[in-house]
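What follows is one structure encoded as structure tokens, with my remarks underneath.
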Amino acid sequence: MGEERDVGNAQRSHLRLVQPDGAGAEDVSEVFDLGTPDGFAAAYRRWSPYVARIGLNIMGDPDLAGEVVQEVFARAFEHRQRIKDPRMLKAWLRTTASRHCYKLVRKRKMMVTFGLVPELTFEAVSGGAAEDEVLLKQLFARLEKVATKDRVAWSLRYLSGESLADVAEACGCSLATAKRRIKRANDLLTEEG
């Protein structure tokens, strides 16, 4: 069974996510020849669940997570000759997925601002798995209020379980900036109200 871990502030640990078995234990030494159809297909099979998890954890929507996977691997195929060190594929995929999610979140926020799509709101219910699902939906509704760069950093750190160094790399910022972004998001998410 997957490892259970707290999300966000330890004092507010009623929300837990379960990662799939082996999450975080990927063998980054695997080398795929992205220039061949079989090598690219093997890389897709190996890394698409990881990219989907990043997309789902940032976007909160399985359909958008699927879109993230498609876009990231389409870009990987387009840029396969530029990925010099195949051992860096995981980092490249993480960064590309994070950037694509950033664009999607910004687009959604703009659409909400102009009234093109409704703002996310969810009501509380009680009862087991349905309650957990509503808690996650409420979390993503609150994440809509967080600055996009802060949301991406916080989601990578607390929902995807990435290291601070990997968050900074994926967000294209310093470690100190990544920590500030995560803290700002966490502060907003843990405010009462």
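The values are calculated or read from the model by the stated rules, or taken from the named source; none is laboratory data. The model shown is predicted, which means the values in this text are computed figures rather than measured ones. Here the Cβ positions follow ideal geometry from the backbone for every residue, glycine too, while neighbour counts run over all protein chains shown. Remember, those area values only see protein heavy atoms, side chains included, never the ligands or the DNA or RNA. Shrake-Rupley method; radii C 1.70, N 1.55, O 1.52, S 1.80 Å.
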Tell me the accessible surface of D132 in square angstrom (1.4 angstrom probe, heavy atoms of protein chains only), to the nearest ten.
90 Å²
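For the full complex of protein chains and a 1.4 angstrom probe, list E67, E162 by accessible area with the highest value first. Please report the intermediate quantities before stating the final value.
Numbers: E67 75, E162 10 Å².
Largest accessible area first, the list is E67, E162.
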Would you mind computing the Rg to Rh ratio of region 52-193 from its alpha-carbon coordinates, Kirkwood style for Rh?
0.99
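Would you mind calculating the relative contact order of region 32-155 from Cα pairs under 8 angstrom and at least 6 residues apart, reporting the percent as a whole number?
Working: 97 pairs, mean separation 29.6, N = 124.
Computed value for region 32-155: 24 percent relative contact order.
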Please sort by residue number the trypsin sites (Lys or Arg not before Pro) in region 129-171 whose DSSP state is loop and whose Cβ has at most 16 other Cβ atoms within 10 Å.
K145
Using only protein heavy atoms and a 1.4 Å probe, report how much of E119 is accessible, in Å² to the nearest 10.
90 Å²
